[in-house]
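Q: Quick one: the structure is below, questions incoming.
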Amino acid sequence: MPQARLMDGTGLARRIVAEAGERAAALTERTGRVPTLATVLVGEDPASVTYVRMKQNRCREAGIGSRRVVLPATTTTGELVAALRELSRDPDVHGILLQHPVGGHIDERAAFEAIAPQKDVDGVTFASFATMSFGLPGFVSCTPGGIMRLLDAYDVDPAGRRAVVVGRSAILGKPVGMLLLGRDATVTYCHSRTRELADVVREADIVVAAVGRPRLIRGRDIKPGAVVLDAGYNAGNVGDVDFDSAVERASLITPVPGGVGPMTIATLLEQTVTAAARQLGVGEGR
Ligand code: NAP
């Protein structure tokens, strides 16, 4: 059986982080300021603590500054909003990441909207969704942005192709569909109420799995030659696509781990440097 080519997110992310590091160093040399990302964590959820630590480690490796803000689990919406507004005003902070979910008692949307759009390097505000949807300069949600970079790196032009996005969350499914639409794909969204999911997926030239259900999409659901991007990350390092059967049908496929996952932090760092350049008024020719 033919085997799909693997899309190497780890290698691509490494190159993107290295380039972000070079840009950060050049900015620091020109301005004396260090591009800085503030991470805001509410409570001590172990997975969130790990994610924030990974992001900070990656910043450090790239020479990007990071400021860690940790708030107690009892933080109110008002207190979180106040903290995010303060960071939004702080000239030494260029990007802000609110690690989410933030806990059921907090109005997450109100918190996101307290992030200044020019510092919204995680692409979570209404303003960022709007600029992304209109194809205007701004910041994209990081995992969708990373998925588009993978497509570009492997010369997959979405124009005119049928793309099926399984999942419609605000941070992943919905924005990646908008980005694909912006690149002239014909986009279909699927979700938990979709009937005959496999039949819809079978139409796709490009499949994006963004569900959080292990191996939901099977090889027999993949159109031969399709490009498969699996954003799912489930217990046991398993994606939303049944890799072993899908690899025999697809032409290109992301492994889990090492596909979409590493692209998220890479996009975050890249956007932090871009935010710093814009705020410091330094043209980079980008
Ligand atoms: P989410 O907010 O839980 O959204 C899941 C989506 O999947 C929803 O739209 C839901 O439909 C849909 N869905 C659930 N069951 C379904 C089914 N049986 N058939 C079709 N659709 C179904 O999750 P998320 O935050 O978007 O994350 C999705 C996955 O990506 C997770 O595995 C997560 O760990 C992973 N992820 C990875 C990264 C990364 O950096 N690589 C970043 C973010 C997320 P409804 O809207 O109808 O409920």
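Q: Scan the range 55-86 for residues that are under 29 Å from G281 (Cα atoms) and either open to solvent by 50 Å² or more (accessible area, probe 1.4 Å) or in a loop (DSSP other than H, G, I, E, B) (or both) and jot them down.
A: If the condition is that a residue be under 29 Å from G281 (Cα atoms) and either open to solvent by 50 Å² or more (accessible area, probe 1.4 Å) or in a loop (DSSP other than H, G, I, E, B) (or both), then N57, R58, R60, E61, G63, I64, S66, R67, R68, A82, R85, E86 are the ones that fit.
Q: All but one of (1) in contact (Cβ under 8 Å) with a residue 24 or more places away in the chain; (2) within 16 Å of the ligand (Cβ to nearest atom); (3) open to solvent by 40 Å² or more (accessible area, probe 1.4 Å) hold for Q279, so report the exception by its number.
A: Q279 satisfies every listed condition except (2).
Q: Does the range 178-200 hold any residues that are over 26 Å from G138 (Cβ atoms), open to solvent by 10 Å² or more (accessible area, probe 1.4 Å) and near the ligand (Cβ under 6 Å from one of its atoms), and which are they? Talk me through it step by step, then tell me what you get.
A: Step one: filter the range 178-200 for residues over 26 Å from G138 (Cβ atoms), giving 190, 192-200.
Restricting the remaining residues to those that are open to solvent by 10 Å² or more (accessible area, probe 1.4 Å) gives 192-200.
Once the filter is applied, which keeps residues that are over 26 Å from G138 (Cβ atoms), open to solvent by 10 Å² or more (accessible area, probe 1.4 Å) and near the ligand (Cβ under 6 Å from one of its atoms), the range 178-200 yields S192, R193, T194, L197.
Q: Something else about it: Please work out which residue is least open to solvent (accessible area, probe 1.4 Å), limiting yourself to the range 5-50 and to residues that are of a type in the set (A, V, I, L, M) and in a loop (DSSP other than H, G, I, E, B). Show your work before the answer.
A: So the first thing to find is which residues in the range 5-50 are of a type in the set (A, V, I, L, M), and the list is 6-7, 12-13, 16-18, 20, 24-27, 34, 37-38, 40-42, 47, 49.
Now drop any that are not in a loop (DSSP other than H, G, I, E, B), which leaves 7, 34.
Values: M7: 0, V34: 69 Å².
Among those that are of a type in the set (A, V, I, L, M) and in a loop (DSSP other than H, G, I, E, B), it is M7.
Q: If you scan the range 201-225, which residues turn out to be β-branched (V, I, T) and either open to solvent by 10 Å² or more (accessible area, probe 1.4 Å) or away from the ligand (no atom under 15 Å from the Cβ) (or both)?
A: Applying the first criterion (β-branched (V, I, T)) to the range 201-225 yields 201, 206-208, 211, 217, 222.
Residues satisfying the conditions are I206, V211, I222.
Q: If you don't mind, there's one more thing I want to ask. Restricting attention to the range 159-166, does a residue exist that is near the ligand (Cβ under 10 Å from one of its atoms) and either under 13 Å from I147 (Cβ atoms) or open to solvent by less than 20 Å² (accessible area, probe 1.4 Å) (or both)?
A: Narrowing the range 159-166 to residues near the ligand (Cβ under 10 Å from one of its atoms): 165-166.
Add one more test, that the residue is either under 13 Å from I147 (Cβ atoms) or open to solvent by less than 20 Å² (accessible area, probe 1.4 Å) (or both), and what stays is 165-166.
Yes, the conditions are met somewhere in the range 159-166.
Q: Another question, then. Condition first: more than 9 Å from the ligand (Cβ to nearest atom), part of a loop (DSSP other than H, G, I, E, B) and open to solvent by 40 Å² or more (accessible area, probe 1.4 Å). Now tell me which residues in the range 226-261 satisfy that.
A: Passing the criteria: A235, G236, N237, E248, R249, S251.
Q: Being aromatic (F, W, Y), in a helix (DSSP H, G or I) and within 16 Å of the ligand (Cβ to nearest atom): is that true of F129 here?
A: Details: aromatic (F, W, Y): yes; in a helix (DSSP H, G or I): yes; within 16 Å of the ligand (Cβ to nearest atom): yes.
Yes, satisfied.
Q: Against the definition (part of a loop (DSSP other than H, G, I, E, B) and open to solvent by less than 20 Å² (accessible area, probe 1.4 Å)), how does G123 come out, yes or no?
A: Details: part of a loop (DSSP other than H, G, I, E, B): yes; open to solvent by less than 20 Å² (accessible area, probe 1.4 Å): yes.
So G123 passes the test.
Q: Among (1) surrounded by fewer than 23 Cβ atoms within 10 Å (Cβ to Cβ); (2) part of a helix (DSSP H, G or I); (3) without any contact (Cβ under 8 Å) to a residue 60 or more places away in the chain, where does P175 come up short?
A: P175 satisfies every listed condition except (1).
Q: So M148 clears everything in (1) in a helix (DSSP H, G or I); (2) under 28 Å from S245 (Cβ atoms); (3) open to solvent by 70 Å² or more (accessible area, probe 1.4 Å); (4) more than 10 Å from the ligand (Cβ to nearest atom) except one condition, right? Which one?
A: (3)
For (1) farther than 21 Å from G65 by Cα; (2) not hydroxyl-bearing (S, T, Y), each residue gets a yes or a no:
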residue	(1), (2)
L87	no, yes
G103	yes, yes
K119	no, yes
T125	yes, no
S133	yes, no
S141	no, no
V156	yes, yes
R168	yes, yes
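The values are calculated or read from the model by the stated rules, or taken from the named source; none is laboratory data. Keep in mind it's a predicted model, so treat the numbers as computed, not measured. Cβ coordinates were reconstructed from backbone atoms using ideal geometry, including for glycine residues, and neighbour counts include every protein chain displayed. Please note that ligands, DNA and RNA were not included when accessible areas were found on the heavy atoms of the full protein model with its side chains. Shrake-Rupley method; radii C 1.70, N 1.55, O 1.52, S 1.80 Å.
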